[in-house]
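Asks: The structure that follows is given in the form of C-alpha cells.
The values are calculated or read from the model by the stated rules, or taken from the named source; none is laboratory data. Because the structure is predicted, anything quoted here is derived from the model rather than measured. Note that each Cβ is placed from the backbone with ideal geometry, even for glycine, and that neighbours are counted across all protein chains shown. The area values use the complete protein model at the heavy-atom level, side chains included, leaving out ligands, DNA and RNA. Shrake-Rupley method; radii C 1.70, N 1.55, O 1.52, S 1.80 Å.
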Amino acid sequence: MLSKGHFCTCEYYDCEHHPIKHDGSCNPCIEKNLANKEIPACFWNKIGSEGDCGSQYTFRKFAERVIDDC
C-alpha cells in the first residue's frame, strides 16, 4: 500500500508498474512512460483529463491538453 502522503493518483492498480507493486516507488512507472514517450497518469489526473486522452498518453497530447486549458 502507498504511504500516507504519497501523491500517486493513478487508479490502474492492475498495472505492473503501479507504485503499490513496488514499495511505493514511482521509478518503474516513470521508466515505462519515458521509454514509451508518454506522460504518467498522475500528471493527466492533475490537469483533470486522464480519461479524455483515449489510449494516447503522449507528450504531444498532454501538451495540447494543457494549452487548450490555458
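Asks: With the requirement that a residue be outside any loop (DSSP other than H, G, I, E, B) and surrounded by 14 or more Cβ atoms within 10 Å (Cβ to Cβ), what does the range 31-45 give you?
Replies: Keep residues of the range 31-45 that are outside any loop (DSSP other than H, G, I, E, B), which gives 31-35, 38, 41-45.
Selection gives 32, 33, 38, 41, 42, 43, 44, 45.
Asks: Could you give every pair whose Cβ atoms fall below 8 Å, whose first residue belongs to the range 20-31 and is at negative phi, and whose second residue is of a type in the set (Ser, Thr, Tyr) and open to solvent by 40 Å² or more (accessible area, probe 1.4 Å), counting only separations of at least 6 or pairs across chains?
Replies: Short answer, once both residue conditions are applied: 20/13.
Asks: Out of the residues in the range 13-24 that are touching a helix residue (DSSP H, G or I) at 6+ places or on another chain (Cβ under 9 Å) and exposed (fewer than 11 other Cβ atoms within 10 Å of the Cβ), state the one that is modelled with the lowest pLDDT.
Replies: Of the residues in the range 13-24, the ones touching a helix residue (DSSP H, G or I) at 6+ places or on another chain (Cβ under 9 Å) are 13, 15-19, 21-22.
Next cut, exposed (fewer than 11 other Cβ atoms within 10 Å of the Cβ) only: 13, 16.
Values: 13: 89, 16: 93.
Restricting to residues being touching a helix residue (DSSP H, G or I) at 6+ places or on another chain (Cβ under 9 Å) and exposed (fewer than 11 other Cβ atoms within 10 Å of the Cβ), the top hit is 13.
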